Amino acid sequence: MRSSRPLSIETRIKVILTAIAMALTALTVGTALTQGFFERAGEARLLLETARSAASGLPADHVEPLLKRLKPFWKEAPRAQGAETVRSADGQEWRFVLDRAAIWNALVYRQRYVLVAGLIGLLVAVELAVFLAYSLTRPMKILAWGCEQMRSGRWVRLPTLSRTPYELEALNEAFNGMVDDLKRWQEFQKQAARVERLAALGSVAAAVAHEVKNPLASMRIHLDLLRGRLPEKEKDCLEILGAELDRLNQTVSQLLSYARPRPPLFGPVDVRDLLSWTASMTSTPCRLAAVNLSWAVEEGCPPIWGDGPQLKQVMLNLVLNAVAAQPNGGSVRLEAQRSGQNVALRVEDAGPGIPAELLERIFDPFFTTRPDGTGLGLSIVHRIVEGHGGRIDVESTGQKTVFSVTLPTAPPGKKES
Amino acid sequence: MPFLLLQILVFGAYTLALVFLAGEAFNWKEDRRLFYVGGNRLTLVPMVGTFVATWMSAASVLGYTMWLYADGYVAFTGSVNGWLIGLLFMPFIVRKLRASRALSLPQWLGDTFGDRRLRSLSAVSLIGAYTFYMVIQFRAFGTIVATLLDIKVIVASALVYLFVLYTTFGGLPSVARSDTLNLALILGGVLLAAGNLLKRAGSLAAVHAAIAERAPAMLHPWSEGWSPLVTTLMMLSWGLGVAANPQYAVRLLSARTTRDAYGTLAYSSLIIGAIYAGLTVLGLSAFVLFPGVRAASDELAFTRLFSLALPPLPALALFLAVLAAAVSTANSQLLLAACSLCYDLSPREGRNRGDLVTEDRFLFKNRLAIAGIATAALALSQFRLPGVLLIGRYSWTVVAICFFLPLYVIRTPRPRALFVPLSAALLLHLFLTVFLGILPELALLPALALEGLLYFWPRRKGP
């Protein structure tokens, strides 16, 4: 069974401040009233003594007006026990008792502003308590919200609150630090998992490729030997067989180059030459697919520090991918420009784009959406770019896809002056 | 114990009860829907509590009783009758309002007619009407407490100001909880005082007989000074104002279910009837037992009359009922005025709630607005303004012009077609009351007629 809800901070602070305000008001007003009461009673007794001594020398008819001055704090009490007596010179006696209620009434009336101020003070204290509780609980409320968001898988950073006590600000900063660390850790874990997956895939791929490559070479030789022995009308079949063997061989070579990449041989690579070569090598597939290819290099763009053949493979793969994404024609734009101490290469196509949910997986080996694709082209690109200490990014909308490859212009540790 | 001390202790006890019953001012999981309409989750008991306590303003308790004491049953015909007629209209808008899921009546108006300007115009009107109406509450309570305790009015008004601020800071949930306490005090105070006075006067029949002998005109429902037409118009304007009053509309929106909303109207009408019966007994019996008590203002006359007519404790209960009525109406109006200012007039505040931080900032702004508007009303209450009921008439008529037609008359709203008619109606009302000096309730009908005419005219001419 669920226990009752505990009291909130606001209620606790409210109770404490209200109790303090009430105690202070009671103490102040109580002291003022008690002190006032004793002072008034003392004054009344003094008045009575004065009247008594004056009355003892006066006849009764002269005492009467004198006794009126005793009111309102003394009232006549003819038969009361313990009453004070006043006697005239001619022996007439009057009995009086102190009228405590009258003294209290007068005192309360006199102190009425203090009493009302106490009430106002109580309300002000309560309202201050409310705001004090608010300023304390607000950062905690936001922190609790942040934790709830994290639990439901949404990464949030807490906003910086103005006029927050530094202890609560530290709590806020600690939470944000934790979020940042968790994010980095998650990223690292993703990366590690990817590397592990790729390594495993690479090992399998290398073993398979190695086993397949030798029989393929043998098949190709025997196919060429067969070519001279078959009649002309059967040669078409040999052509098809040959083409398929070549494709198989190419896939196996790609697998091998992916699984056992050759270490890059670094040197300066002219960007203009790279793009010009790419354009000329892809002109035929572009023409066949009715894709308009254009390229541009920023004036004064420095050479890339990299392996020329590998970078050619990167550009070739990206452009062929872009062409394949536009089977009904379109355009491909290649651009190169300086980006700080790097060179940024852009390959932009006007294809239908890559769905957002697939973007994270396009660099995974064997991931492809084309029925005739190997799923290795972009994996190889990714591996080469990483091997060069560069970065590859992709942005895709429904109208276009842009691959941006950023590569260094100088070897690591060597900075441009 | 000195009576003055007892009075202060009773106010102190009320303060403590309010502080601990109103709950938290800053709810842990609050958003604008919770703040303005209680998250649409108010159940029947708090609904009835807040509905009746909001209904019973200082104008009802004090203004009606003193009018009755002075003129007899014409006060009932001219005010209470109209208010009750307004109550009869309300069941017709329950479904319409609840279907919209709006947080305020200006928002409902703007959404219904697809016109942002309409929302702003009605919000501005509400801020003005409610700020002035709150003046009544501060003034009524301030004068009564100042007379009782023989202190300055501003000091006494500061007390009610703080009560109202405190209960409004928590939004509608806090207002509803404190209103349930206020309703108990209003009902208890009025019935105790009425029972006491009736016992001294003999019976209601004896009171009627005495009035028939001394001032038979007081038993007539129509005033001799005003024609039946004027009294009827006055009654009608109060009725239309009440029927279209956003204070009640928002409460109907806040109910957990439509059934609770209807239930609230049914039970509230019984309690409201009982309280008005008590006030009627009070006003008439006081006339019979202590005729001719006059003072510079209704509030002062009320205090003098019932200090004289009632023994100390029933008198204190009655004055506490006025305090509860003032607090319960003022906090409701303050909340609506702040909503109009921060939500309806601010173009950046959309319909949907933002994230926690945005929402927290937004609600903090509301609390600042509450403090600002209450302070303005407190300052205005210290100036010489027209009588309690007259301020009420101005407020209700403006409210009726803004909301009566769209709530009750227009069945198929035409987009952006109401702004011009409503603006013209408000301007006409302003012209008739301020420049020609016509009573607000008399100016209401031509203003409403103009609004209706301008709205429906193009439709008749259409293809």
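The values are calculated or read from the model by the stated rules, or taken from the named source; none is laboratory data. The structure displayed is predicted, hence computed values, not measured ones. Heads up, the Cβs are rebuilt from the backbone with ideal geometry, glycines too, and the neighbour counts pull from every protein chain shown. We work out accessible area using only protein heavy atoms, side chains counted, and drop any ligands, DNA or RNA first. Shrake-Rupley method; radii C 1.70, N 1.55, O 1.52, S 1.80 Å.
Observations, loosely collected:
- B:ALA140 falls short of the stated requirement of being within 14 Å of chain A (Cβ to nearest Cβ), under 23 Å from the mean Cα position of the chain (by Cα) and among the small types (Gly, Ala, Ser).
- Scoring B:ALA295 on the criteria (1) open to solvent by 40 Å² or more (accessible area, probe 1.4 Å); (2) without any contact (Cβ under 8 Å) to a residue 40 or more places away in the chain leaves a single failure, condition (1).
- The requirement of being surrounded by fewer than 17 Cβ atoms within 10 Å (Cβ to Cβ), out of contact with any Ser or Thr (no Cβ under 8 Å at 6 or more places or on another chain), within 14 Å of chain B (Cβ to nearest Cβ) and within 16 Å of A:LEU122 (Cβ to Cβ) is satisfied by A:ALA19.
- Complete set of residues in the stretch A:102-123 that are open to solvent by 60 Å² or more (accessible area, probe 1.4 Å) and either at the interface with chain B (Cβ under 8 Å from one of its Cβ atoms) or within 19 Å of B:TRP28 (Cβ to Cβ) (or both): A:TRP104, A:ASN105, A:TYR109, A:TYR113
- Residues in the stretch A:239-291 that are outside any helix (DSSP H, G or I) and loosely packed, with under 14 Cβ neighbours inside 10 Å: A:ARG260, A:ARG262, A:PRO263, A:LEU265, A:GLY267, A:PRO268, A:ALA290.
- Checking each residue in the stretch B:1-23 for being modelled with pLDDT of 85 or more, open to solvent by less than 30 Å² (accessible area, probe 1.4 Å) and either more than 21 Å from B:ASN182 (Cβ to Cβ) or more than 7 Å from every other protein chain (Cβ to nearest Cβ) (or both) picks out B:GLN7, B:TYR14, B:LEU18.
- For A:HIS210: the one exception among (1) of a type outside the set (Val, Ile, Thr); (2) open to solvent by 50 Å² or more (accessible area, probe 1.4 Å); (3) at pLDDT 80 or above: (3)
- Enumeration of residues in the stretch B:406-444 that are within 23 Å of B:THR231 (Cβ to Cβ) and in a loop (DSSP other than H, G, I, E, B): B:LEU436, B:GLY437, B:ILE438, B:LEU439
- Complete set of residues in the stretch A:88-101 that are more than 14 Å from chain B (Cβ to nearest Cβ) and open to solvent by 80 Å² or more (accessible area, probe 1.4 Å): A:ASP90, A:GLN92, A:ARG95
- Out of A:ALA336, A:ALA322, sole residue that is touching a residue at least 12 places away in the same chain (Cβ under 8 Å), assigned to a strand (DSSP E or B), aliphatic (A, V, I, L, M) and open to solvent by less than 40 Å² (accessible area, probe 1.4 Å): A:ALA336
- Per-region count, the stretch A:125-152, residues open to solvent by 30 Å² or more (accessible area, probe 1.4 Å) and within 7 Å of chain B (Cβ to nearest Cβ): 2
- Here A:PRO165 meets the list (1) within 14 Å of another protein chain (Cβ to nearest Cβ); (2) at negative phi almost entirely, failing just condition (1).
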